[in-house]
Amino acid sequence: MKKHLEQIKNMPKHKKYWWSFLFFVLFAGVLLIFPGYLKIGKVTYSKETEKKSVFNKIEQALSTKKEPVIPVLDKEDYDKRILTLANNPPPPAPKTVTDPNTGVVTTITPPAPNYLWPKKTVYPNAGAILPFKRIVAYYGNLYSKKMGALGEYEESVMLAKLNAEVKKWEAADPETPVMPALHYIAVVAQGSAGADGMYRARMPDSEIDKVIAMAAKINAIVFLDIQNGFSTVEKEIPKFEKYLKMPNVHLGLDPEFSMKSGIRPGKIVGTMDAADINFAINYLSNLVKTNNLPPKVLIVHRYTQKMFTNYQNIKPTPEVQIVVHMDGWGGKAKKINTFKQFVYKEPVQFAGFKIFYKNDIKDPNTVIFSPAELMKLNPRPVYIQYQ
């Protein structure tokens, strides 16, 4: 080979060009016949080599791919906010006492108060709404203008009014963002037995879909409220599973219309037990776990002692946050007393407070509570509902 190259080197120019042209043609022919295989020195390039190179790059990219960031609850912020919500009075200051005979001064430190709030419970999973946000909700049913603001006003008017309340709460407590909500009565207790004798009517999916669509317009969450009549929470809650699987849909229970006595709704105030509420908690917890959802919020209405029993047995979970919601109406003094008796004295986890636009001002010279006034409560409500 070296001898042939030396001969080509010593050739006249015009012959060199012909040999060069011939070499180029031969080289091109080899590439056409064996396009996937070419050797240059000791390095071999082929289609197989190219494939391996591509796969190596993919493997390298996969190996350097960052693991997904798993959200973590900020427990320090949680504890701080829980303590702020409790709104406990400051502990009594130490006192100094001077002995009149000896002149010795003694400092007496009063015992630490036994605060009922905050109630120590489990930490929620990351993504929990409470206590990081305050929920401000409009309540009602689309079939009735008398059951609350949600059904009383045309959609755009209703959403504007809710937004106005949200703004008031943002101004009253700038440290706590506000989450708007539509609290829809999905199972309505009624005075007539109905076809199955259960004294309740379930709302059709079409109506629930309307509420969810409304909520989406203002980035609000939705609560489906259950007034089960002669039925039970065990029978009613699963009927709404497809909605409760949605991350933005939560649950409300109204013991006032849980008629275990066999007396029809509206005649007496109904009741639920901790067992009923725990069923709802466990049901929601399983949905959260199996569908990888953020924690749910469960609202439980209350304005009498017997509306739910054995409160101390209610067990919040990391997947479900419980709000005991003061649902009574009347003048301010009456409402505060109801709140103290049935929310403050029997703590579960969080507190709620209901405002009735009409019933709270039936008495002459009365007005509804302002957010600033409710911020003075012990504990402060983290869920506010307007009806």
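Only the coordinates and a few stated rules stand behind these numbers; no lab work does. Here the structure is a predicted model, which is why all the values come from computation and not from measurement. Quick reminder, even Gly has a Cβ in these numbers, built from the backbone with ideal geometry, and neighbours come from all protein chains shown.
Remark: spin-label model distance residue 232-residue 99 equals 6.8 nm, labels positioned 7 Å along the Cα→Cβ axis.
In percent, rounded to a whole number, the relative contact order of region 295-387 is 28, using alpha-carbon pairs under 8 Å and six or more apart.
Which stretch or stretches of region 342-372 have amide N atoms under 19 Å from the point lying 7 Å from residue 260's Cα along the Cα→Cβ direction? Residues passing the 19 Å test: 342-343, 346-348. With each label modelled as a point 7 angstrom along the Cα→C-beta vector, the residue 79-residue 245 pair spans 3.9 nm.
Normalised by the number of residues in region 240-345, the mean separation of alpha-carbon contacts (under 8 Å, six or more apart) gives a relative contact order of 27 percent. Run the reach check for residue 289 against aspartates and glutamates, Cα to Cα strictly under 16 Å, same-chain hits fewer than 8 apart removed. What comes back? Reachable aspartates and glutamates: 241, 319. If both residues of a DSSP beta bridge must be in region 134-386, then about 10% of such bridges are antiparallel.
Legend: distances between Cα atoms for 167/242; 80/242; 161/296; 239/260; 95/332; 217/345; pairs beyond 28 Å are 167/242; 80/242; 95/332; 217/345.
For region 134-386, relative contact order (Cα pairs under 8 Å, six or more residues apart, normalised by length) works out to 15 percent.
For region 134-386, the spherically averaged projection of the C-alpha convex hull amounts to 13.1 nm². Phi angles of region 289-301 translate, via the Karplus equation with coefficients 6.51, -1.76, 1.60 and θ = phi - 60°, into HN-Hα couplings of 5, 6, 10, 6, 9, x, x, 8, 10, 10, 9, 10, 6 Hz per residue; Gly and Pro are given as x. Amide H contacts of residue 325 (H built 1.01 Å from N, in plane; Pro and chain starts excluded): 300, 301, 302, 352 sit under 5 Å, all sequence-distant by 5 or more or on other chains. Cα centroid separation, region 309-365 to region 204-242: 22 Å. Checking the cross-link pairs 315/376; 168/335; 133/210; 119/267 against a 31 Å limit on the alpha carbon distance flags 119/267 as lying beyond it. Site pair residue 70 and residue 304 shows an inter-label distance of 4.7 nm when each label is modelled 7 Å from Cα along Cα→Cβ.
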